[in-house]
Structure formats: structure tokens, C-alpha cells
Amino acid sequence: RKEVEQDPGPFNVPEGATVAFNCTYSNSASQSFFWYRQDCRKEPKLLMSVYSSGNEDGRFTAQLNRASQYISLLIRDSKLSDSATYLCVVNIFRASNEGSQGNLIFGKGTKLSVKP
Amino acid sequence: DGGITQSPKYLFRKEGQNVTLSCEQNLNHDAMYWYRQDPGQGLRLIYYSQIVNDFQKGDIAEGYSVSREKKESFPLTVTSAQKNPTAFYLCASSIDRPGGRDTQYFGPGTRLTVL
């Protein structure tokens with residue numbers, strides 16, 4: 001199983017649609033979860049952190065399912081400006097000489113295209 | 001303004017040359033990171049540093065070197081030993097608690113092309 005896995009898409013949706021992305025992760029010890037947004041040829045930017053109880057920021061809702069080891073991102077009322085690649089990010093612990101070392105692992109991203 | 005800067009934005013290199021990419025942050029973050037991104041691929045960690053004068057290899061460190069002489073600066077050298085250096089290079093920083101749990105903030109990136 002890949003450490004962090006996302007459906008690459010593309011998701012092509014009309015303006016106003018609701019769209020949801022899932023991301024699965026392999027490490028049950030993971031404690032930190034994020035969604036980043038990356039526009040074409042730009043750097044990733046933090047969209048939102050994902051908390052255990054789920055959290056909402058305007059049209060965006062993030063949820064965590066620890067039992068099934070996945071996080072989700074829901075975008076309501078899609079705008080043209082939402083077109084981008086959405087990266088799932090999870091801290092994954094790996095064994096090392098010093099014990100267990102955690103680092104953020106980035107998924108390959110899910111591409112969203114919102115059409116007029 | 002607080003943030004992370006990278007320079008240059010675009011860099012062209014001839015085969016066999018070493019080049020150094022600059023990364024500076026004024027966020028007072030302890031941890032800094034270098035990633036590379038290839039088209040259609042995720043970010044892959046090259047090196048990271050959790051404190052001045054200390055750094056660790058990431059998943060793809062071969063052909064790269066770094067230094068961390070100052071908290072604000074984490075330059076990356078792409079050496080001639082890196083066989084496929086053409087990529088988008090991203091620098092990031094975070095406050096850093098153990099276990100890599102902190103949000104990372106990215107610079108605008110350097111696009112390196114080997115001619």
C-alpha cells in the first residue's frame with residue numbers, strides 16, 4: 001500500500017457543483033493531516049488542516065476517518081477559481097537508526113477543473 | 001513581510017556543472033526542507049534540517065548537498081552527480097515539533113533545466 005494515495009483525476013465539474021476527494025494513508029500512527037492546493041507551476045499552499053472532529057472553512061469541509069485511514073475534502077458550490085491540484089499530506093513515521101522518524105508525505109494530487 | 005524566498009526563479013545549467021539554489025526564510029522557523037517535483041508527480045524530499053548545523057537525507061539525496069550555517073538559510077547544491085536534475089525545486093519551512101507534525105510553508109520554487 002502506498003504511504004499516501006490519491007485519485008489523480010482529473011475531476012471535471014460545472015460551476016456550482018459539489019465535489020469530493022478522498023485520500024488514503026498507510027500509517028495508523030499518523031497524527032497530522034493537511035490539504036494543500038497547488039496551482040499550475042506554482043508552489044503548494046495550505047488549504048486547511050484536518051482535525052479529528054472534522055472541520056469546515058467556508059465552502060470547504062475536511063474529514064478524517066481513522067478507522068479506515070482516509071481523509072476527505074468536500075468543496076461545495078465550486079467556483080472557476082477552485083481549479084487546481086489538491087494535495088493530501090500526512091505525517092508518516094518510518095523506522096530509522098534513531099528510532100521512529102516522522103515526516104510529512106505528500107500525495108501526488110488530485111486535479112480539479114471547474115468549467116463555466 | 002514574513003515568508004520564504006527562493007532564487008533564482010528559473011535556472012539553466014549545462015551538463016557537468018554544479019549549481020546552488022538559494023532559500024531564505026524570515027519566519028523564525030527551526031526546520032527547513034528541500035523537495036523536488038517532476039511533472040505529474042508528488043513532492044519528493046531531498047534533504048531536511050531541524051536545527052542549525054544539522055541536516056538529514058531525505059528519500060532522494062543522491063547527487064545533492066546542503067548546508068545550514070544560519071537559521072534563515074538552507075541552500076541546495078545540485079551536483080554533476082545528479083543524473084536527472086531537470087525539475088521544479090521547492091523549499092519549505094516549519095516551526096517543527098517532533099514527528100514532522102507541523103504545517104510546512106513553501107517558497108515560490110526554482111525551475112531548473114539542464115541543457
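The values are calculated or read from the model by the stated rules, or taken from the named source; none is laboratory data. The structure displayed is predicted, hence computed values, not measured ones. Ideal geometry is used to build each Cβ from the backbone, glycine not excepted, and the neighbour counts take in all protein chains shown.
Just need a number here: residues in segment B:76-98 that are surrounded by fewer than 17 Cβ atoms within 10 Å (Cβ to Cβ) and assigned to a loop (DSSP other than H, G, I, E, B).
Step one: of segment B:76-98, the residues surrounded by fewer than 17 Cβ atoms within 10 Å (Cβ to Cβ) are B:77, B:79-81, B:83-84, B:86, B:95, B:97-98.
Next, from what is left, pick out any that are assigned to a loop (DSSP other than H, G, I, E, B): B:79-81, B:83-84, B:86, B:95, B:97-98.
Here the count works out to 9.
Is it the case that B:Glu72 is surrounded by fewer than 15 Cβ atoms within 10 Å (Cβ to Cβ), over 12 Å from the mean Cα position of the chain (by Cα) and either away from chain A (no Cβ under 13 Å) or free of Cβ contacts under 8 Å to residues at least 12 places away in the same chain (or both)?
no
Tell me, please, whether a residue that is more than 14 Å from the chain's Cα centre (by Cα), more than 9 Å from chain A (Cβ to nearest Cβ) and either at pLDDT 95 or above or farther than 29 Å from A:Ala29 by Cα (or both) can be found in segment B:95-102.
Looking for residues that are more than 14 Å from the chain's Cα centre (by Cα), more than 9 Å from chain A (Cβ to nearest Cβ) and either at pLDDT 95 or above or farther than 29 Å from A:Ala29 by Cα (or both), one finds none in segment B:95-102, hence no.
So A:Glu3 clears everything in (1) facing another protein chain (nearest Cβ under 9 Å); (2) among the charged types (D, E, K, R); (3) within 26 Å of B:Ser49 (Cβ to Cβ) except one condition, right? Which one?
With (1) facing another protein chain (nearest Cβ under 9 Å); (2) among the charged types (D, E, K, R); (3) within 26 Å of B:Ser49 (Cβ to Cβ) applied to A:Glu3, the lone miss is (1).
Conditions (1) of a type outside the set (Val, Ile, Thr); (2) crowded, with 17+ Cβ neighbours inside 10 Å; (3) in contact with an Asp or Glu (Cβ under 6 Å, 6 or more places away or on another chain); (4) within 13 Å of B:Leu90 (Cβ to Cβ), marked per residue:
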{"site": "B:Thr20", "(1), (2), (3), (4)": "no, no, no, no"}
{"site": "B:Cys23", "(1), (2), (3), (4)": "yes, yes, no, yes"}
{"site": "B:Gly42", "(1), (2), (3), (4)": "yes, yes, no, yes"}
{"site": "B:Phe55", "(1), (2), (3), (4)": "yes, yes, no, no"}
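Out of all the residues in segment A:49-66, is one or more modelled with pLDDT of 95 or more, within 11 Å of chain B (Cβ to nearest Cβ) and closer than 17 Å to A:Glu15 by Cα?
Taking every residue of segment A:49-66 in turn, none turns out to be modelled with pLDDT of 95 or more, within 11 Å of chain B (Cβ to nearest Cβ) and closer than 17 Å to A:Glu15 by Cα.
Within segment B:80-89, is even one residue away from chain A (no Cβ under 12 Å), touching a Pro at 6+ places or on another chain (Cβ under 8 Å), farther than 21 Å from A:Leu46 by Cα and touching a residue at least 40 places away in the same chain (Cβ under 8 Å)?
No; the residues of segment B:80-89 include none that is away from chain A (no Cβ under 12 Å), touching a Pro at 6+ places or on another chain (Cβ under 8 Å), farther than 21 Å from A:Leu46 by Cα and touching a residue at least 40 places away in the same chain (Cβ under 8 Å).
Output the strands (runs of 3 or more DSSP E) that fall wholly within segment A:8-78 and possess 1 or more residues being in contact (Cβ under 8 Å) with a residue 40 or more places away in the chain, or say none.
Counting at least 1 such residues, we get A:11-14, A:19-25, A:33-38, A:44-49, A:70-75.
Can you find even one residue in segment A:76-93 that is of a type in the set (A, V, I, L, M), more than 11 Å from every other protein chain (Cβ to nearest Cβ), within 24 Å of B:Ser94 (Cα to Cα) and touching a Phe, Trp or Tyr at 6+ places or on another chain (Cβ under 8 Å)?
Our first condition is that a residue be of a type in the set (A, V, I, L, M); within segment A:76-93, this holds for A:80, A:84, A:87, A:89-90, A:92.
Adding the requirement that they be more than 11 Å from every other protein chain (Cβ to nearest Cβ) leaves A:80, A:84.
Next cut, within 24 Å of B:Ser94 (Cα to Cα) only: A:84.
Within this subset, residues satisfying the condition of being touching a Phe, Trp or Tyr at 6+ places or on another chain (Cβ under 8 Å) are none.
No: zero hits.
When you scan segment B:18-29, do you find a residue that is more than 26 Å from A:Gly107 (Cβ to Cβ), touching a Ser or Thr at 6+ places or on another chain (Cβ under 9 Å) and free of Cβ contacts under 8 Å to residues at least 24 places away in the same chain, even just one? Before you say what the answer is, go through the steps one by one.
First, the residues of segment B:18-29 that are more than 26 Å from A:Gly107 (Cβ to Cβ): B:18-20, B:22, B:24, B:26, B:28.
Going one step further and asking which of them are touching a Ser or Thr at 6+ places or on another chain (Cβ under 9 Å), we end up with B:18-20, B:22, B:24, B:26.
Remaining after also requiring free of Cβ contacts under 8 Å to residues at least 24 places away in the same chain: none.
Looking through segment B:18-29, none of the residues is more than 26 Å from A:Gly107 (Cβ to Cβ), touching a Ser or Thr at 6+ places or on another chain (Cβ under 9 Å) and free of Cβ contacts under 8 Å to residues at least 24 places away in the same chain.
Checking A:Asn97 against (1) more than 23 Å from B:Cys23 (Cβ to Cβ); (2) at pLDDT 90 or above, only one condition comes out false. Which one?
Of everything listed in (1) more than 23 Å from B:Cys23 (Cβ to Cβ); (2) at pLDDT 90 or above, A:Asn97 misses just condition (2).
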